[in-house]
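For reference, the structure is listed below as structure tokens.
What follows draws every value from the coordinates through simple rules; no lab data is involved. These numbers were taken from a predicted model, which means no experiment stands behind them. Here the Cβ is made from the backbone with ideal geometry for all residues, glycine too, and neighbour counts use every protein chain on show.
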């Protein structure tokens, strides 16, 4: 059984936001009107984080994407009262939208603030409405959602591999954000496969997992910038 | 001078048998507020939770604050009443009934709040056929349901003799008293069973009450969030709950004794006795608050520190220091000095503590959410009119509950007051006698 994970190389990431745009389109994430977005109701499975490091004149702004960490010990799955979010065998933290009661306990428990909520019924601009991805279900108002590592792609890849009578590999299955990254800063694959690029990179001394001290065992790692190359 | 038993009955049942115009005015006003609350909830149901002030990262707001607040108040009742009965405090007699009523009403209001907070209330039943017992929310449902059941029975059982009295006086609606009096005739056998039932219930209700606010605190304490992940949250919440509960009990008692002219039964001496319990809780609460913040501050762990400073000097400085003043300084000063500890003094302190304990829940829920450990666009939480509307709804339902209860049932237990008049002096004498040293035969020196 694979254990899917991701590595994001901050040395390569330019903070362009292509991953966020690709995710929004791939996963039918609703477009929130400007005035609601200003109130903090914007929805995004990939959120671009802007951090200021240091103080003027030695200040640097770094932008990078933050997604669900798919923790092996995910606090959100522990507190969910109705099995609406849970860990699948291959490590993905899944969401069942028709099961969610909208208590938002998972959001309060998430140490990474990566879950998002449908404050209203979802809406899209006129010209985007017919462009929704048919592989991903639309969510109703009142439920929690988040990055699924494009689990619909995994499902398709799994079926494809089975039809062809071969094991599924990471070449069959890559999330939309990884495919879209123009700087090739994102890597996705099986963390338990020692030969995979992801496994090697996540073992690198530059690899860092966010808030690792909590013991949530995130499966997304960031590669720190090399010294002297502060982004 | 001691009043005649007939006089007691007439005094305590007057509000049931006579209805003044004031009753209808208050009733109309409360129903108006309640209608507004329903309209607010309807708006939320149609448009979604976006009509509230909640957003990301502050995904919990007023509903969760009020959930903790209302359930906290419910600890006044049954728990206080059980403790007073168990410790045979003679001054309990005019207090217990009102305390028990608070619990039943407020528990129903508070218990609805997590449901109001749901994004999908239509899927409520998922909790039953797909619930995960590992989730603290399920612990809440379990213990609140148990508490509601136990405290409603505990309210009802000691009321039976009074209901029978109303039945015998032919008060309308007769069928109501006929059914609820359960064939009470006041035979010695029935009295024995009643006494036993009350004893069993009060012993049972205490651990249930303690469990309720403990598991409510676990909702927060079981997460890894700074400001929430604390081992003392269980007892801290229980103490806070009893504290806010007694304060609300005082407000209710002082208002009702004025409205129903019960000053002769619920005397200042009763208030003063109970005010000592309030003082003890004030000191306990201050102790827990001190311990909670000092350990966080001394450790200085950055994510924890960010939230502590947010409360000490940041955006929440006002609610935080106002809470400290209302919950710690004001009550301790007023209640410690006999000259200040008058009915008015107690009322002022109680209103202060009720507000202060609401602020405490605000200070626990919101600052942690407004300060996620990882950088996130900051959005400050301000409740919308919908949330205020539902808060007003909750308060109005509480008042309506008392208004209607006082219309149908005596607010001070008639039979327990009479029993006190007949028996308590001799009983207490006997008890005091039994505390004295026994004069045994002088032992023979060896």
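Of the residues B:167, B:339, A:38, B:423, the one with the fewest other Cβ atoms within 10 Å heads the list, and the complete ranking is B:339, B:423, A:38, B:167. Percent of alpha carbon pairs in the range B:248-290 separated by more than 17 Å? Counting every Cα pair in the range B:248-290, those more than 17 Å apart make up 40 percent. Take the Kirkwood radius over Cα pairs of the range A:4-223, plug it into Stokes-Einstein at 4 °C and 1.567 mPa s, and you get 71 µm²/s for translational diffusion. Cα centroid separation, the range B:155-202 to the range A:80-124: 50 Å.
Per residue, the Cα convex hull of the range A:76-199 amounts to 156 Å³. For chain B, the longest principal axis of the Cα atoms and the long axis of helix B:233-259 meet at an angle of about 50 degrees. Taken as Cα centroids, the range B:304-365 and the range B:41-106 sit 18 Å apart, rounded to the nearest whole angstrom. Measuring nothing but how far apart in sequence close Cα pairs (under 8 Å, 6+ apart) lie, relative to its length, chain A scores a relative contact order of 31 percent. On full extension, the segment bounded by residue B:29 and residue B:172 gains 49.0 nm, given 0.36 nm per residue less the C-alpha separation. Peptides B:56-65, A:64-73, B:250-259, B:286-295 ranked from most to least packed give B:56-65, A:64-73, B:250-259, B:286-295, packing being the mean of other C-beta atoms within 10 angstrom over each peptide's residues. The convex hull built on the alpha-carbon positions of the protein assembly as shown has an orientation-averaged projected area of 43.8 nm².
Helix B:425-435 and the long axis of chain B differ in direction by around 80°, with both axes built from C-alpha atoms. The helix-only estimate of mean residue ellipticity at 222 nm for chain A, built from DSSP H runs of length n ≥ 4 each weighted as -39500 (n - 2.57), is -5000 deg cm²/dmol after division by the residue total. Peptide A:71-81 is shielded by partner chain Cβ atoms: per residue, an average of 4 of them sit within 10 Å of its Cβ. With the convex hull drawn over the C-alpha atoms of the range B:83-184, the volume per residue is 163 Å³.
Can you compute the FRET efficiency between residue A:193 and residue B:42 using 1/(1 + (r/R0)^6), with r the Cβ-Cβ distance and R0 = 41 Å? Round to the nearest 0.05.
0.15
Between the Cα long axis of helix B:62-86 and the first principal axis of chain B there is an angle of about 20°, rounded to the nearest 10.
Distance between the pseudo-spin-label points of residue B:267 and residue B:108 (7 Å out from Cα toward the beta carbon): 3.5 nm.
Just to be sure I understand: with springs between alpha-carbon atoms less than 10 Å apart, which residue in B:434, B:211, B:350 has the highest mean-square fluctuation in the Gaussian network model of chain B? Among B:434, B:211, B:350, the largest mean-square fluctuation in the Gaussian network model of chain B belongs to B:434. The distance between label points at residue B:129 and residue B:193 comes to 3.9 nm (points 7 Å beyond Cα on the Cα→Cβ vector).
When each of B:152, A:14 is scored by the number of other beta-carbon atoms lying within 10 Å, the sequence from fewest to most is A:14, B:152.
Across the alpha-carbon atoms of the range B:5-417, the computed radius of gyration and Dmax are 22.1, 71 angstrom.
Distance between the modelled labels on residue B:378 and residue B:86, one decimal in nanometres: 4.6 nm (7 Å Cα→Cβ projection). Taken along its principal axes, the alpha carbon cloud of the range A:158-206 reaches lengths of 39, 25, 9 Å, longest axis first.
Please work out, to two decimal places, the log10 of the ratio I(q)/I(0) at q = 0.08, 0.11, 0.13, 0.18 Å⁻¹ from a Debye calculation in which every Cα of the range B:287-446 carries one identical scatterer. Debye intensities relative to I(0), on a log10 scale: -0.51, -0.77, -0.92, -1.21. Can you check what the Kirkwood hydrodynamic radius comes to for the range B:174-284, Cα pairs only, in Å to one decimal? Hydrodynamic radius (Kirkwood, Cα pairs) of the range B:174-284 is 17.7 Å. Inter-chain Cβ neighbour count for A:35-44, averaged per residue, equals 4 (cutoff 10 Å, partner chain atoms only). Diffusion coefficient of the range B:226-279 by Stokes-Einstein, Kirkwood radius over Cα pairs, 4 °C, 1.567 mPa s: 100 µm²/s.
From helices alone, chain B scores -24000 deg cm²/dmol at 222 nm; the rule is -39500 (n - 2.57) for each run of n ≥ 4 DSSP H residues, then divide by the residue total. Applying 1/(1 + (r/R0)^6) with r as the Cβ-Cβ distance of residue A:204 and residue B:294 and R0 = 41 angstrom yields a FRET efficiency of 0.50.
Averaged across B:215-227, how many Cβ atoms of other chains sit within 10 Å of each residue's Cβ atom?
The shielding value for this peptide is 3.
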